[in-house]
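The values are calculated or read from the model by the stated rules, or taken from the named source; none is laboratory data. It should be emphasised that the depicted structure is a prediction, and the values quoted were computed from it without experimental measurement. Here the Cβ positions follow ideal geometry from the backbone for every residue, glycine too, while neighbour counts run over all protein chains shown.
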């Protein structure tokens, strides 16, 4: 059909209805997407305006004028709704949590202006309506004093910003992360993932602690034996705190004596963390690591129980000898010590210590000086080294029986890698002082040790590079022996 044969009203009606159909089609295409779906209200207002405009040419003058005003109102509502949703999406894209109380208030205000303008356009007495609404508002205000108080408290909280969405706050006996400030209440999520709806009026009256700062302080208490000097215990505590990833370096952690109790010296541990939501995990990591560190350093954690021990001297001697033999057997698993006789290994006995490390604890750190090496007797450890850009690279996992750290101990070179425990790991710590005595009394042992180390290094480099190394084993052995002589002075 030629469009020129249609009358003007039919053409307008067709165009408006066609536009409405296009808008409906757009809605059908975007309704399954979360963000675009929020524009549904605005799109349906556009559809309503198009339909009203489409039927308007067929109406008498008076109804046609009312229809025109309604179409303008629908388009105004669409614009207001579209702008509100767009602003909300932009803000939420920049921040994870936002409060919408001001957005809602501005939207309602604009809607009210649009409604009053529409009523004025159809010659409704707006002044009488405002007078009536004032009376109704007064009645409602008296009936809803508490609710209105929460609303204005919410406006005050939003304007003064004592806390923002995403902050951890404490008031009274409650602690939670702020989700948003609404008209009547503020939403909080506790550590147990419980949703709290706190009336705004209550928050406005309470003393609120905000954990928004860059570093949030916390403290723990632990008791330690009187047998160990306080300065030694405090240094062990500080060393543990420095190894916990969530504890910040500045402000520096502090350990202080606070009481001499009946059974133990009581220490206060002060530390700071960035993410307050991880307080429980950080406390657990600190207290777990303290147990292992205290055990390694012979620091007892006393408890109020009286133990009566009846010692069998002969039995104690047998147990001590068995432990010594087990340690020597562990040393024989080390390749450069395997050929030593019992007398030579016995020189090291006074410089052996058993140590237990918990999961993720650092045993030795890359770049540090090494005054001991380690024999892994039970468990697994991970060896990592810093590569290009300073990022840690996994090198290898060592499973008992194994040993590591001997090159730094014997040559004085810095640790070449970081070793951390994967789960509980039992180690035999072999201190440098024992080797100093051994090499001074038996210099030939040092030459044999350097030869074994040089042979192992050459084999490792050949396998790594798949080629013959330029330096011979004998030359490498002499170079290592020279370093050992300089370190142990023999």
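Residues being touching a residue at least 12 places away in the same chain (Cβ under 8 Å) and assigned to a loop (DSSP other than H, G, I, E, B): count how many of those fall in the range 161-179.
Here is the first cut: in the range 161-179, the residues touching a residue at least 12 places away in the same chain (Cβ under 8 Å) are 162-172, 174-179.
Imposing the further condition that a residue be assigned to a loop (DSSP other than H, G, I, E, B) reduces the set to 162-167, 172.
Residues meeting the conditions: 7.
The criterion of being in the same structural domain as residue 267 (by TED's automatic domain parsing) and touching a strand residue (DSSP E or B) at 6+ places or on another chain (Cβ under 7 Å) holds for residue 220.
Which of the residues that make up the range 293-317 are surrounded by 10 or more Cβ atoms within 10 Å (Cβ to Cβ) and modelled with pLDDT of 60 or more?
Quick first cut of the range 293-317, residues surrounded by 10 or more Cβ atoms within 10 Å (Cβ to Cβ) only: 293-302, 316-317.
Scanning the range 293-317 gives 293, 294, 295, 296, 297, 298, 299, 300, 301, 302, 317.
Here is the figure for the range 429-454: residues that are surrounded by 22 or more Cβ atoms within 10 Å (Cβ to Cβ) and in contact with a strand residue (DSSP E or B) (Cβ under 9 Å, 6 or more places away or on another chain) total 1. Of everything listed in (1) over 19 Å from residue 216 (Cα atoms); (2) over 22 Å from the mean Cα position of the chain (by Cα), the single unmet condition for residue 255 is (1).
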